[in-house]
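Please read the structure below before turning to the comments.
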Amino acid sequence: MSARSNILNKLRAGLAGTTPRPDDFDEGLVTTPWQYAPEDRITRLRSLMEAVHTEVHQVTSAQWPAKVQELLESRGLGNLLYAPGTAHGRQLAVHWQRSSAKVQLMVYDRPIEEWKDELFWKVDASITGTVGGIAATGSLVLWPDRHEPRLMSLLPPLHIALLKASEVEDNLYGMMQKHNWSAGLPTNLLLVSGPSKTADIEQVLAYGAHGPKELVVLILEDA
C-alpha cells in the first residue's frame, strides 16, 4: 500500500461516526456586490485590464486574424507561436496562407524537451484562446491543455489572448458555476489580468520583469 493510500485511509477512518455539517454557504456574499448589466461587463473588464497595462481591442470573429497580423507587423516581430489543433489556430493559418504576412507561424507540436532553447529564447509572440473573462476583477481565464500548454502564455515576450465577448462572466463564482469546476479542475487553471509585474525591488511596481512583457487581448464580438 502506498503512502498516499495510508494517508487517505487514516482520514476516512477519522470521519467514522461523525455527522457532516450542513452547508450554510451564502453565495450572495461572493456574487451580489459584483453583478453587472450584460452591456457593462466588457466596459468594466476593459477598464480594469487597461489600468494594468493590458492592450485591449474589440474586433469581429472574422477580423481578428488580420488584427493579429497588424499587431505583429507594427511591432516588427518575426514569428508567432500558435496551436494548429485548435479552431482559432486553424482560422489563423487560413488567413496567413491567403495574406502577404511576413511573420512566421511557429507550430507548438513538439514536447518541450525537443525545442526548449528555441521556445525560451527565439519565440517573439504567442496566441492562445481563453475559456472566458471575469468582469469583477478584469481577468482572463486560461485552461491550458495539450494543444495550448501553460508555457505558451508564460514564456513569449508578447502574449495575445482571444476572448469571446459572450463568455465574460460577472464574477469568479459565476465562472465556476458555468463551467462546473466542482466536477473537475485541470492541472493548471490560470487567471491573468495583465503583463508580468513585480514590486520585489524597493517595492516599486515594474512591468515585464518576468513572463510576458506585453499582454494584448482581442475581444471577439459575435457575428
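The values are calculated or read from the model by the stated rules, or taken from the named source; none is laboratory data. All figures in this text were calculated on a predicted structure; none of them were measured in a lab. Cβ placement follows ideal geometry from the backbone for every residue including glycine, while neighbour counts extend to all protein chains displayed. Side chains included, ligands, DNA and RNA excluded: accessible areas come from the protein's heavy atoms. Shrake-Rupley method; radii C 1.70, N 1.55, O 1.52, S 1.80 Å.
Quick notes
- Qualifying residues in region 169-185 (those that are open to solvent by less than 30 Å² (accessible area, probe 1.4 Å) and under 25 Å from A83 (Cα atoms)) - the one nearest to the chain's Cα centre (by Cα): M175
- Of everything listed in (1) in contact (Cβ under 8 Å) with a residue 24 or more places away in the chain; (2) outside any strand (DSSP E or B); (3) open to solvent by 30 Å² or more (accessible area, probe 1.4 Å); (4) within 27 Å of V168 (Cα to Cα), the single unmet condition for Q58 is (2).
- Pairs meeting the criteria (first residue in region 113-134 and under 30 Å from I42 (Cβ atoms) and without any contact (Cβ under 8 Å) to a residue 12 or more places away in the chain, second residue assigned to a loop (DSSP other than H, G, I, E, B) and of a type in the set (D, E), beta carbons under 8 Å, at least 6 apart or on different chains) are lacking.
- Among the candidates S166, S139, the residue that is touching a residue at least 24 places away in the same chain (Cβ under 8 Å) and crowded, with 16+ Cβ neighbours inside 10 Å is uniquely S139.
- Counted residues, region 190-215 - those being open to solvent by less than 50 Å² (accessible area, probe 1.4 Å) and either part of a loop (DSSP other than H, G, I, E, B) or under 22 Å from I127 (Cβ atoms) (or both): 11
- Failed condition for A223, given (1) in contact with a Ser or Thr (Cβ under 9 Å, 6 or more places away or on another chain); (2) modelled with pLDDT under 90; (3) under 29 Å from I112 (Cβ atoms); (4) open to solvent by 70 Å² or more (accessible area, probe 1.4 Å): (3)
- Residue check for H95: assigned to a helix (DSSP H, G or I), open to solvent by 40 Å² or more (accessible area, probe 1.4 Å) and closer than 23 Å to W143 by Cβ: no
- Per the conditions (1) at pLDDT 95 or above; (2) loosely packed, with under 11 Cβ neighbours inside 10 Å, the sole criterion not satisfied by K67 is (2).
- Test: residue in region 19-37 that is open to solvent by 50 Å² or more (accessible area, probe 1.4 Å), outside any loop (DSSP other than H, G, I, E, B), touching a residue at least 24 places away in the same chain (Cβ under 8 Å) and β-branched (V, I, T): yes
- Taken together, the criteria place T43 among residues that are of a type in the set (S, T, N, Q) and farther than 24 Å from L205 by Cα.
- Residue count for region 70-92, restricted to those that are touching a Gly at 6+ places or on another chain (Cβ under 9 Å), over 15 Å from R150 (Cα atoms) and surrounded by 19 or more Cβ atoms within 10 Å (Cβ to Cβ): 3
- From the options D117, D145, D109, residue that is modelled with pLDDT under 95, under 13 Å from the mean Cα position of the chain (by Cα) and acidic (D, E): D145
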